[in-house]
Amino acid sequence: MFEVRNISFSYSQRKILRDVSFVVSPGEAIGIVGENGAGKTTLLKVLATLACPESGSVIMDAQDALSRPLKYRRQLGYLSETPALYDDMTVKAYLEYRAALKGEPDKRIRRRVQEATEMCSIVEYAKTPIRKLSFGLKKRVALADAVLLRPRVLLLDDFLAGLDFGMREAASNIISTVAAFASVIVTGHEIADMAKWTTRFLVLSGGVISSVIPAAGADKEQVVSRVENAIKGAKS
Amino acid sequence: MSATTITMKRTVGMVRSLYSTVLSFSVFLSAAALLFSFALDAGEGGETSLAAIWTSAVSPLLPILAAFIGMDVWSEERRTGRIEALLSAPVREREYTLGKFLGVWATVLAAIILFLVSSVAALAILAPSALTGSTLVKFIPGLFALALQSALWCAVALAASAAFKHSAAAALTAIAATVAVPRGIWFALMAWSGQDKFSYGEMPLDAHAFDMANGLFSTGVILSYAILAVFALFLASKFTAALRLGGRGAKSLRWSTATAIAIAAALALSLVSLAGRLDFSFVLPFGGKDGQTFTQRTQSILAETRGEIDITAFLSRKDVRFRPLSHFLRALAKESEMLGGARIAVSYVDPHWDVGAAERLVRAGASEDTLVFERGRRRAIVNLSDGFDERACSSAILRVALPPQRRAVCWTHGHGEISFEAYGAWGMSDIARDIARDGYRNERIDLASQEPVPDDCALIIVAGPKNDFSRAEAGKLDAYLRKGGRLLLLLHSLDAPGIASIMSGWGIRASQTAFPGERTLSGSDVIVSDFSSHPVSAPLENSQVVLEKPFVFSPSAAVGQGGGADRIDFAPLASVAGSCVAAVTERGVRAGDDLAIRPTRIIAVGDAAFAMNGRLAENANANKDFFLNCVAFLAGTDAMGAASAGKNKLVSGMDRHARLEFVVATSIAIPGVFFLVALSCVAFKRRRA
């Protein structure tokens, strides 16, 4: 169980997040949506220990994960908004480097990289230098990096942005696969695509979760419509 | 593999593939080669070692190289956004910092090694004589110094890179911190310090590299560099960790980080200060200057001297002699400290900068280009233009340390002797000046007059008489010797029955022989390298004395006659092909005898011309040391020196054309070729990618 409790964050006098709380069960994928500036990226940065919350906690295995960041980060996969990779490396070399950096034993690195590249459908690009890849493929490499060590919590920031239709379809399949072993939290604006694999939508507005819309088993069009209305309602 | 090792490898890979690295390397190679060429030119004929010149050429460029190599390592991660992927991984900031530091350091060390290889290769081709006696082992202390300094510069560059998102800002900050600020403080101290208190020598960063390249190490200096490097790495780690501390919630953490940095800075400064206090120096045996810095004579003088001695170097900092001199004086002060001798305080007075202090020295009788030795109210001035060397310096210390009396060295005249007052090639003014430096006054003595030998006569020198002594003169000399007198006899001719009789009476018989087949420089001289273990000649082991057609000596019938204090002993000092060419006889004190009896000592050398000005100037040999050792032994000082003149002289053997070729090869051709090859490699790698 991954629980976010009363997370607040502010820059000087400007409140970005106010008492944000939610729970993500293992195998669940939730989508956090909202307008630009709603605090989605900041929330994920706080959860990825890249920013320090003003108050609140993240509970994992009944312990405050933020107080033991190193242990927490070992169980975390994080993909930032823009995939920033080492362009001079090949996909395989990059993933091997990242696996080693994250502390994976040498003998298991090759298998982990193989699994991740298969999961993200980039096996044929393994020996391709990263600088030659398209934006979408780079995102897949970054995703492969995030899922490399089978994290228990996967944080994907605006993952679908900038991807064409085919890529978005592929991404949906990948996330569905990953959700089998991780709690997935995805932010973005592509509600229709997210509705295909999201179990719940959290609508973030002004730093507060204004609505929670279940998506599992519901009619996707209705879910999309309700989420869009919730965003508009929150705005008005 | 640990995260540190992985990060180090990635950093090396990242830095290696940058065009800026190729450019930095090439500019570094070119600039270092230029500095090295200029320094080599200035050091020609001097005693500064090749390794020290090489190290000094590289040292000032390292902060700039480190700044340019290290500017991207964190800034690039921040600018591209890769920092988020790094910080979200389960790795501590200090592991990243250490890994990146090792990567940058390894790259800078590779540049240093590359320059060493290229410059030594160029020297081997264009100036092989400069490498004579220099093995790569002698560069090790210099390489250590550069590695130590570059560790600090790389750590500072890393901290700057962690602090700034833009590489240029990081590089400029690093250069400001490692070049502009230290040198600015230095120049400010030079400009604003009180004129009478000004005592700084070289810029310490340059002096450290030079000293260590010469094998002179100081724990305080080494620890200071290490402590400051660790502090800079701590700073870099904290700057990286601070990237997580955005937002109001981290206000207290930001404060605690700032407090930790302040405490660490205070701790680092305290430790540096403590390291300075607990400083002790040591000399590596394979230093750039053959390790052995001081002769036994200097060491014994230093060990026996107590109290405080102030040495003021009165010369311009722009003078080419300044650096080796300041190194020498620092080494001297440390040597004295190690031997438990006098505390030597060294200060520098630049006649152009320190007008007040210069005026004080001029009033005290010193002129520009002098060293002033002061102890209490006693003062000795050594002119640097008169062939300054270690012996002159130790003699000056001896003069200010000994009780204030100047005994006389009396030179006989009137028999065609070589004059100690003659400055030409046939005179002995140079050796007389050295005797004066040792604290004696040179005096002429007329044995034919009614005047007695002065009471404070330390010894009599008979320097190559062409005419014989009269009976009265011989009698007066004999009477002097019988009272425990000392005689240095330089033989010129055997056609002098009076002199032969004196010698014979005191145990020495002279004869003439030829030395066919012996080593020679001009055909008529012989090279003497076989020295006995007598205190006069033992320090000259491995040296060469050149004598012109020397006479040989053997014990006369007087040797071994009598008993107790009247017994005369004969000992050879130097030999050629088994024949003794310099000998000493002594009628002295035996165990159980009356210690108040001053032993008579006579040294005879089979050549009178060996210590003449012309001979001393011609050959880099041990003639001067041999002569002065004789004087010291006869006068009773017993502080012997070893010949070192000329041993460490740097001779590149390059003429003007060869120098130009060297400059072009090392500062244009080699960096140019490197630039083209490295650029092609990087471009090819990128294109393939």
Elements of type helices (runs of 4 or more DSSP H) contained in the stretch B:56-138, each with 1 or more residues being free of Cβ contacts under 8 Å to residues at least 12 places away in the same chain and away from chain A (no Cβ under 14 Å): B:93-126
Tabulated pairs, the stretch A:3-19, first at the interface with another protein chain (Cβ under 9 Å from one of its Cβ atoms), second loosely packed, with under 15 Cβ neighbours inside 10 Å, C-beta under 9 angstrom, 6+ apart or interchain: A:S8/A:D19; A:S8/A:S55; A:F9/A:S55; A:I16/A:G37
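Here is a yes/no grid of residues against (1) outside the structural domain of A:L43 (by TED's automatic domain parsing); (2) out of contact with any helix residue (DSSP H, G or I) (no Cβ under 6 Å at 6 or more places or on another chain); (3) among the charged types (D, E, K, R):
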residue	(1), (2), (3)
A:W197	no, no, no
A:F201	no, no, no
A:S205	no, no, no
A:G217	no, yes, no
A:K220	no, yes, yes
A:V224	no, no, no
A:A230	no, yes, no
Note down all Cβ pairs under 8 Å where the first residue falls in the stretch B:469-497 and is assigned by TED's automatic domain parsing to the domain that holds B:C457 and closer than 19 Å to B:R601 by Cα, the second is modelled with pLDDT under 85 and of a type in the set (K, R), and they're at least six residues apart or on different chains. B:K483/B:R598; B:G484/B:R598
One residue from A:T82, A:T41 being under 27 Å from B:R79 (Cβ atoms) and in contact with a Ser or Thr (Cβ under 8 Å, 6 or more places away or on another chain): A:T41
Can you confirm whether the stretch B:303-321 contains a residue that is basic (K, R), more than 27 Å from B:R444 (Cα to Cα) and modelled with pLDDT of 85 or more? no
Residue count, the stretch B:232-264, condition among the hydrophobic types (A, V, I, L, M, F, W, C) and out of contact with any helix residue (DSSP H, G or I) (no Cβ under 7 Å at 6 or more places or on another chain), comes to 6
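For (1) among the aliphatic types (A, V, I, L, M); (2) surrounded by fewer than 17 Cβ atoms within 10 Å (Cβ to Cβ), each residue gets a yes or a no:
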residue: B:L398; (1), (2): yes, no
residue: B:R406; (1), (2): no, yes
residue: B:W411; (1), (2): no, no
residue: B:I435; (1), (2): yes, no
residue: B:G439; (1), (2): no, no
residue: B:N442; (1), (2): no, no
residue: B:L447; (1), (2): yes, no
residue: B:E451; (1), (2): no, yes
Taking the stretch A:34-55 as the search range and keeping residues that are over 22 Å from B:P90 (Cα atoms) and buried (at least 18 other Cβ atoms within 10 Å of the Cβ), which one is farthest from the other protein chains (Cβ to nearest Cβ)? A:G34
Which strands (runs of 3 or more DSSP E) does the stretch B:406-496 wholly contain that include 3 or more residues that are modelled with pLDDT of 85 or more and of a type in the set (A, V, I, L, M)? B:457-463, B:486-490
Out of B:L18, B:L62, B:L23, B:L34, which single residue is surrounded by fewer than 22 Cβ atoms within 10 Å (Cβ to Cβ), touching a Phe, Trp or Tyr at 6+ places or on another chain (Cβ under 8 Å) and not acidic (D, E)? B:L23
Only one of (1) within 12 Å of another protein chain (Cβ to nearest Cβ); (2) outside any helix (DSSP H, G or I); (3) buried (at least 22 other Cβ atoms within 10 Å of the Cβ); (4) in contact with a Gly (Cβ under 9 Å, 6 or more places away or on another chain) is not met by A:G31, so which one is it? (1)
Answer yes or no as to whether B:S537 is under 25 Å from B:T295 (Cβ atoms) and loosely packed, with under 14 Cβ neighbours inside 10 Å. no
With the requirement that a residue be facing another protein chain (nearest Cβ under 7 Å), in contact with a Phe, Trp or Tyr (Cβ under 9 Å, 6 or more places away or on another chain) and either under 19 Å from B:R94 (Cβ atoms) or outside any helix (DSSP H, G or I) (or both), what does the stretch B:238-254 give you? B:G246, B:G247
Taking B:A170 as meeting all but one of (1) crowded, with 16+ Cβ neighbours inside 10 Å; (2) within 14 Å of another protein chain (Cβ to nearest Cβ); (3) aliphatic (A, V, I, L, M), write down the number of the exception. (2)
Would you confirm whether any residue within the stretch B:327-346 is surrounded by 18 or more Cβ atoms within 10 Å (Cβ to Cβ), outside any loop (DSSP other than H, G, I, E, B) and modelled with pLDDT under 80? yes
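The values are calculated or read from the model by the stated rules, or taken from the named source; none is laboratory data. Here the structure is a predicted model, which is why all the values come from computation and not from measurement. Here Cβ is always computed from backbone atoms with ideal geometry, including for glycine, and neighbour counts include all displayed protein chains.
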